[in-house]
Amino acid sequence: MAKLLVVAGGCAIASALVLSPAMVAAFALLLFTIAAVSRGVSGDERRVLLWILLVAVALRVIAVAALFLVSDPFQLSTFSFDGDGKWIKLKSLWIRNGWLGVPIDLSQFEQAYQAYGWSSYIYVLAYLQYLLGPAPYAVHLFSVCWTVAAAGLLYRLVRRSYGSTSGLVTLAIVLFLPTLFIWSVSAMKESWLLFLTTVMIAGTERAVRVPRWGARAGWVAAVVVAGLVLTTVRSGAIYIPMGALLLAPLGIFMAGRVRLLAASMVLLAVVGALILHQPAVQARVMSRVRASAALHIGHVNTEGYSYKVLDQRFYSWPGFENNLLFTTMTWDEGRRYVLRALGSFVLEPLPWKSVSRVQVLFIPQQMAWYALLMLAAVGAVAGFRKDALVTVLFIGVVAAGVVVIAPHEGNMGTLVRHRDGIVPFVACLSAIAVASMVSRLGREAIESSGLVRGARRLIGLMPFDQTRGLGVTWRESELAAAIDGLRAVERWQWLRWIGIALFAGAGLGVVLGPFGDQARSSLFACGATVVCALVLILYPRALVVGFGEWAARTSGPEVSG
């Protein structure tokens with residue numbers, strides 16, 4: 001029965017690999033991510049962690065499946081909030097067709113490579129579909145992969161620095177905050193941006209602290225590569241993590257010196273004010289402010305709900321599109337514009353100005369955003385005492401994000417989408433404050449509450465015997481016995497069975513090939529499956545021994561909570 005389950009699973013995977021290789025690749029990446037995130041975590045924390053990850057992934061898969069079921073099969077469809085994502089999918093398919101020699105219309109070729117709206121993420125999706133076949137729905141699953149990977153990296157980083165409670169709170173906020181959920185199932189580049197930024201922040205912490213020089217060099221390379229890629233995804237996006245990296249030495253050398261840090265901040269503010277009074281500096285700053293103001297007005301005049309932060313004359317002048325208008329902006333006008341933009345970044349959309357149904361529905365999350373900001377202020381102080389380096393990195397991302405994003409915004413929808421790029425790092429600081437409150441209230445008092453007892457029963461922390469006999473029924477089934485048998489099998493035997501299953505599935509894939517994409521991707525997927533299967537069948541013991549030695553070398557001390 002156990003071998004039958006393995007072979008049947010392998011055939012099912014191989015069949016799906018031919019019918020939708022991109023979907024299988026996305027699911028494999030998600031499983032690998034979940035395994036990596038949960039590595040070294042045990043006990044109740046592991047159960048809660050896995051439930052958070054699995055529920056988050058399941059909800060996103062359901063959303064993508066619903067899009068597939070309700071969409072017109074003869075039209076390229078996407079979610080209603082994913083307008084830019086539709087163009088990204090179209091451009092990636094046109095570029096893929098060009099690489100494969102499939103004729104496309106001249107207008108499609110021009111739109112695929114036009115400068116407006118260009119991003120290297122289009123090439124990422126194009127290359128994935130070049131290898132795995134056209135996947136207008138599975139590309140949404142890759143956005144899920146980037147989001148889950150970023151959330152997992154933040155969880156591991158916060159867990160090491162501040163404890164397991166802070167890590168789990170961070171993970172829950174990042175994965176279940178409504179707008180972050182929305183961007184994670186879209187085809188837009190928001191999830192990819194979040195992943196690259198998180199790699200730079202987490203990689204910096206690892207590069208400073210890992211004891212082995214080889215691992216340290218690997219993390220430095222990861223930070224550099226992520227930064228280079230980030231420069232090609234969105235203009236100015238690299239300045240957000242770079243702001244954090246520039247502050248990293250401050251966190252290293254001022255760890256535990258709270259008063260010295262406060263004095264340094266005051267000194268920097270005074271020096272900055274003096275520098276800004278220099279005419280040459282003001283001229284350079286105003287050139288950037290005027291360019292930002294032009295982008296702001298462009299956002300104000302786009303479709304949707306907008307807000308204004310410039311003086312009224314810049315909106316009422318009939319020739320506002322002419323750059324000559326911004327040459328008349330004075331230093332005082334620019335200063336007022338920047339201050340209003342920074343305030344609007346935090347406060348907009350104002351709840352009492354909500355007029356549409358969408359704005360009213362957004363009010364609860366806006367309240368949550370305000371709460372996260374207040375908790376983050378408390379968490380920053382507590383976090384600096386525990387881990388100055390990581391706290392400064394989070395503060396640097398948030399501060400740089402506000403400075404880079406705020407002056408360019410003017411459309412509320414775009415503001416929320418761009419602001420959500422730094423919300424996960426605000427959540428990290430907020431989680432520190434939440435964990436501090438939990439420790440002060442006492443673990444026993446919290447666990448004795450009815451809400452926590454119900455959650456524990458729901459996620460399976462209570463024994464099966466207390467669930468009205470459902471556990472007994474499951475244990476007596478043949479399927480449960482087969483799964484128990486699989487658990488007792490040695491690892492090398494597992495690998496050999498999986499290899500046999502994949503080899504059988506590859507043969508089934510050849511039979512099902514005419515029903516799949518009928519592209520080069522099918523041959524690529526089938527060939528890769530056969531190679532992997534032969535390696536697993538011929539060298540299972542060597543793989544187990546080699547992986548065990550690698551895990552022993554790379555494993556480090558973990559924070560237990």
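The values are calculated or read from the model by the stated rules, or taken from the named source; none is laboratory data. The model shown is predicted, which means the values in this text are computed figures rather than measured ones. Neighbour counts are summed over all protein chains in view; Cβ atoms, including those assigned to glycine, are modelled from backbone coordinates with ideal geometry.
Yes or no: region 342-355 includes at least one residue that is of a type in the set (D, E, K, R) and either within 30 Å of PRO249 (Cα to Cα) or not in a helix (DSSP H, G or I) (or both). So far as region 342-355 goes, yes, one or more of its residues are of a type in the set (D, E, K, R) and either within 30 Å of PRO249 (Cα to Cα) or not in a helix (DSSP H, G or I) (or both). The residue list ALA455, ALA435 contains one member that is at pLDDT 80 or above and either part of a helix (DSSP H, G or I) or not polar (S, T, N, Q) (or both), which is ALA435. If you go through region 330-376 and keep only what is under 20 Å from GLY396 (Cα atoms), of a type in the set (Gly, Ala, Ser) and surrounded by 13 or more Cβ atoms within 10 Å (Cβ to Cβ), you end up with ALA341, SER344, ALA376. Of note, THR391 satisfies the criterion of being buried (at least 20 other Cβ atoms within 10 Å of the Cβ) and within 19 Å of LEU194 (Cα to Cα).
Within region 407-426, at least one residue is farther than 17 Å from GLU190 by Cβ and assigned to a helix (DSSP H, G or I). Within region 240-284, the set of residues being closer than 28 Å to LEU194 by Cα, among the aliphatic types (A, V, I, L, M) and at pLDDT 80 or above comprises ILE240, MET242, ALA244, LEU245, LEU246. Those residues that are assigned to a loop (DSSP other than H, G, I, E, B) and among the small types (Gly, Ala, Ser), I need them from region 64-117; list them, please. Of everything in region 64-117, those that are assigned to a loop (DSSP other than H, G, I, E, B) and among the small types (Gly, Ala, Ser) turn out to be SER71, SER77, SER80, GLY101, ALA115, GLY117. Going by the structure shown, is ARG47 in a helix (DSSP H, G or I), over 25 Å from VAL124 (Cα atoms), of a type outside the set (A, V, I, L, M, F, W, C) and in the same structural domain as HIS140 (by TED's automatic domain parsing)? For ARG47, the condition - in a helix (DSSP H, G or I), over 25 Å from VAL124 (Cα atoms), of a type outside the set (A, V, I, L, M, F, W, C) and in the same structural domain as HIS140 (by TED's automatic domain parsing) - is met.
Going through (1) exposed (fewer than 12 other Cβ atoms within 10 Å of the Cβ); (2) closer than 20 Å to HIS277 by Cα; (3) modelled with pLDDT of 75 or more one by one, THR327 falls short only on (3). Criterion applied to SER161, SER235, SER186, SER166 was being among the polar types (S, T, N, Q), crowded, with 19+ Cβ neighbours inside 10 Å and either part of a loop (DSSP other than H, G, I, E, B) or without any contact (Cβ under 8 Å) to a residue 60 or more places away in the chain (or both), and the one residue passing it is SER186. Checked against the criterion of being within 24 Å of SER186 (Cα to Cα) and not assigned by TED's automatic domain parsing to the domain that holds ARG206, the candidates GLY383, GLY343, GLY401, GLY396 yield just one match: GLY401.
So, in region 105-140, of the ones that are of a type in the set (Phe, Trp, Tyr) and in contact with a Phe, Trp or Tyr (Cβ under 8 Å, 6 or more places away or on another chain), which residue ends up surrounded by the fewest Cβ atoms within 10 Å (Cβ to Cβ)? The residue in question is PHE109.
Every residue, every condition in (1) free of Cβ contacts under 8 Å to residues at least 60 places away in the same chain; (2) of a type in the set (A, V, I, L, M); (3) within 19 Å of GLY379 (Cβ to Cβ), yes or no:
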site	(1), (2), (3)
TYR127	yes, no, no
TYR130	no, no, no
TRP146	yes, no, no
LEU154	no, yes, yes
LEU157	no, yes, yes
LEU180	no, yes, yes
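Taken over region 17-33, the residue count meeting the criterion of being modelled with pLDDT of 85 or more and in contact with a Gly (Cβ under 8 Å, 6 or more places away or on another chain) is 1. Looking across region 28-62, the residues that are touching a residue at least 60 places away in the same chain (Cβ under 8 Å), within 23 Å of THR179 (Cα to Cα) and surrounded by fewer than 17 Cβ atoms within 10 Å (Cβ to Cβ) come down to TRP51, LEU59.
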